[in-house]
Amino acid sequence: YATLPDGYPSVENFPKALDLKVNAASGVYDVVALYNWSEESAVKGLSFEEDLGLCPKTQYIVYDFWKQRLVGIVKDRVQTEVPPHGTAVLIVRPLKSSPQLLATSRHITGAFSIKQLAWNQSKSVLSGTSETIPYTIYSLYLYVPDGVTLSNVDSDTRVLFNKLEGNLLEVAFQGREKPIKWVLNFTNQ
């Protein structure tokens, strides 16, 4: 990398993070980009109260968008490794006792493709409508609490697969031109 031109801010003055507050059909949550401006990998930390203005007593579920993995359930702060000159994108949502949407494969915010999302507590059903790209695989990434299992996936398009690793569920559909309606049925063990 070349040296910075005269008058350009020094690396110490570059932003450490960017926080997008989302309030959409996909929910109310934060999408946070953590930056590493250095030549080496670095562990970057984030305080929910100080950096994001979130309640430090609330439990949050954190999902790493680029790595497509569940970081964990945390209360007040999170740390993650960020590669040299890289960015980690974390989705931070208040933890619910029911299965909940974390992200989609369509857009980094998780909000762009979700047109409708609803949880029916009495039936243990999460349903929604998603806008997809024709002939492209579209995935939903969900948090499933311990003791809860996915019993059935119903959709008005082809369901390609669903897989559960730990508490992270991925459900993939074949994209198409018109919106996809999907229904996920859960049971308590």
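Legend: residue pairs LYS44/LYS178; LYS75/LYS181; LYS44/LYS96; LYS75/LYS115; LYS75/LYS163, Cα-Cα distance threshold 32 Å; pairs beyond threshold, LYS44/LYS178; LYS75/LYS181.
Divide by every residue of the chain the summed helix terms, -39500 (n - 2.57) for each DSSP H run of at least 4, and state the resulting mean residue ellipticity at 222 nm, rounded to the nearest 500 deg cm²/dmol. Value at 222 nm, helices only, nearest 500: -500 deg cm²/dmol. Listed values (1) 15.4; (2) 12.7; (3) 11.4 include one computed from this model; for mean projected area of the Cα convex hull in nm² that value carries the label (2). Of interest is the spacing of the C-alpha centroids, which for the stretch 145-182 and the stretch 85-116 amounts to 15 Å.
Read the figures in this text as sums done on the coordinates, not as results from a lab. Because the structure is predicted, anything quoted here is derived from the model rather than measured.
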